[in-house]
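Peer 1: One structure is given below, represented as structure tokens, and several questions about it will come after.
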Amino acid sequence: AGGFDPELARRDVPILHRTVNGRPLVWLDNGATTQKPRQVIEALAGYYSTTNSNIHRGAHTLAREATEAYEGGRAAVAGFLGAASPDSIVFTRGTTEAVNLVAQSWGRDNLGPGDEILVSTLEHHSDIVPWQLIAKERKARVVPIPLLPDGQIDQTAFADLLSFRTQLVAVSHASNVLGTVPPVKEMTALAHRYGARVLVDGAQAVAHFPVDVQDLDADFYVFSGHKLYGPTGIGALYAKPDVLEGMRPWQGGGNMIDHVDFSGSTFAPVPHRLEAGTGDLSGPVGLRAAMEWLTSFDHRAVAAYETALTQYAQQALASVPGLEVLGSAPERVAVLTFTMAGQDPSAIASWLDQDGIAVRAGHHCAQPALRFFGLESAARASLALYNTAEEVDQLVDSLMRLQEQG
Ligand code: PMP
């Protein structure tokens, strides 16, 4: 399907060539984390073999080179997200830390008694709980935006919930349970009419389709490198320059200061003000390699391939007796969460594992979204650019055999 050949990607990803339980690995747990191309692995090894140093300090060659590599990663993230300047990018451990950063820094200054944070029911726990924590502290309220039966966000309800009490809207660019891609640009425009800020959780989006934060007009955009073929431990927060400028430190330490004195300290400009201590210095190097690897393929052709593969998988899964895929929103990424009559989700995952097929079972850190479908647990197959129609066939074949043996 499309103008993209998944074999081009597969040959770069060493782990896809190992076996599990005597069978070739079929990695369908990309929603949890993606596998890494050798370009990423080699970039990390190269960094530690040639460049390793702490950054922004010490007038020696390696410190300069490591700083350049780190800041080069920041510029690459800015380019990847369509941000106007690298200064709009703050490195974090991932999506979770980025949301907590916004809640603890921006939230503490901008939320007060009676204020509301509208959070979509699709959200991952990492885009719910940080808001609950800061809301409690600031006596603000977290208000869920309901879903429609097909898994889309109820836009009429959203419009009704918006008011001048709304300070923030938190919404995923793609759901990790239903794959739903909400109309984030339209939601943002509407929220802005009420003066609310919008945080977009791009954790499940960035690997699947091109993102342009300026076109979305998002105030905050967050993602994790490890879901984008990059390393764990690195992710990013994009914030609009005027918003970021006003954000207070959320952690204190080295790198984030201007001048320290026991009578009081002053702080570095953003983004450094929000990056205390020695972070994951190799992370931006690996992340940059991952973004360069992904964009080397023509992101739009990849997106078209994944869409076709997802449609193929939906149809193939529908042929399994008693199997139901959650959500039927037309705009979706390659996430297929399903139940099977008479089968416990964890038993489905264990059965598939015997065939070398990795899927996730559980609540997928999105209990409200699953509960909307009356479930506490489900199985999830999530696809990436290196997955193939043959692998989908293997999944379906294995599920058929599970149903046959009862
Ligand atoms: N948001 C979404 C939509 C996700 O899928 C995930 C990861 N499953 C997260 C946030 C959290 O990402 P991380 O654990 O990398 O911080």
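What follows draws every value from the coordinates through simple rules; no lab data is involved. On a predicted model such as this, the values are computed, not experimentally measured, just so you know. When we count neighbours, we look across all protein chains shown, and the Cβ atoms used for this are built from the backbone with ideal geometry, even at glycine.
Peer 1: Is there any pair with a first residue in segment 250-268 that is at negative phi and in contact (Cβ under 8 Å) with a residue 24 or more places away in the chain and a second that is exposed (fewer than 13 other Cβ atoms within 10 Å of the Cβ) and small (G, A, S) whose Cβ atoms are under 8 Å apart and which are 6 or more apart or on different chains, and what are they?
Peer 2: Note: pairs meeting the criteria are Q251/G277; G254/G277.
Peer 1: Looking only at helices (runs of 4 or more DSSP H) that fall completely inside segment 282-387, which ones have 3 or more residues that are touching a helix residue (DSSP H, G or I) at 6+ places or on another chain (Cβ under 9 Å)?
Peer 2: Per the criteria, 283-295, 299-318, 345-354.
Peer 1: Mind listing just one residue for me: the one in segment 232-242 that is surrounded by fewer than 24 Cβ atoms within 10 Å (Cβ to Cβ) and farther than 19 Å from Q214 by Cα and, of those, farthest from the ligand (Cβ to nearest atom)?
Peer 2: Within segment 232-242, the match that is farthest from the ligand (Cβ to nearest atom) is G233.
Peer 1: Still on this model: Within segment 11-123, which helices (runs of 4 or more DSSP H) (wholly inside it) include 3 or more residues that are of a type in the set (D, E, K, R) and either under 19 Å from A205 (Cβ atoms) or more than 15 Å from the ligand (Cβ to nearest atom) (or both)?
Peer 2: Where helices (runs of 4 or more DSSP H) fall fully within segment 11-123 and carry at least 3 residues being of a type in the set (D, E, K, R) and either under 19 Å from A205 (Cβ atoms) or more than 15 Å from the ligand (Cβ to nearest atom) (or both), they are 61-81.
Peer 1: Counting only residues that are near the ligand (Cβ under 10 Å from one of its atoms) and assigned to a strand (DSSP E or B), which one in segment 217-231 is nearest to Q39 (Cα to Cα)?
Peer 2: Here the answer is S224.
Peer 1: Picking from A66, A83, which residue would you name as being touching a Phe, Trp or Tyr at 6+ places or on another chain (Cβ under 9 Å), under 25 Å from R197 (Cα atoms) and small (G, A, S)?
Peer 2: A83
Peer 1: Then there is this: Quick test of your reading of the structure: A189 fulfils all but one of (1) of a type in the set (G, A, S); (2) buried (at least 24 other Cβ atoms within 10 Å of the Cβ); (3) more than 13 Å from the chain's Cα centre (by Cα). Name the failing condition by number.
Peer 2: Among (1) of a type in the set (G, A, S); (2) buried (at least 24 other Cβ atoms within 10 Å of the Cβ); (3) more than 13 Å from the chain's Cα centre (by Cα), the lone unmet condition for A189 is (2).
Peer 1: Out of P182, P249, report the one residue that is away from the ligand (no atom under 11 Å from the Cβ) and in contact with a helix residue (DSSP H, G or I) (Cβ under 6 Å, 6 or more places away or on another chain).
Peer 2: P249
Peer 1: Please go through segment 198-215 and pick out each residue that is without any contact (Cβ under 8 Å) to a residue 40 or more places away in the chain and either more than 15 Å from the ligand (Cβ to nearest atom) or farther than 18 Å from A303 by Cβ (or both).
Peer 2: V198
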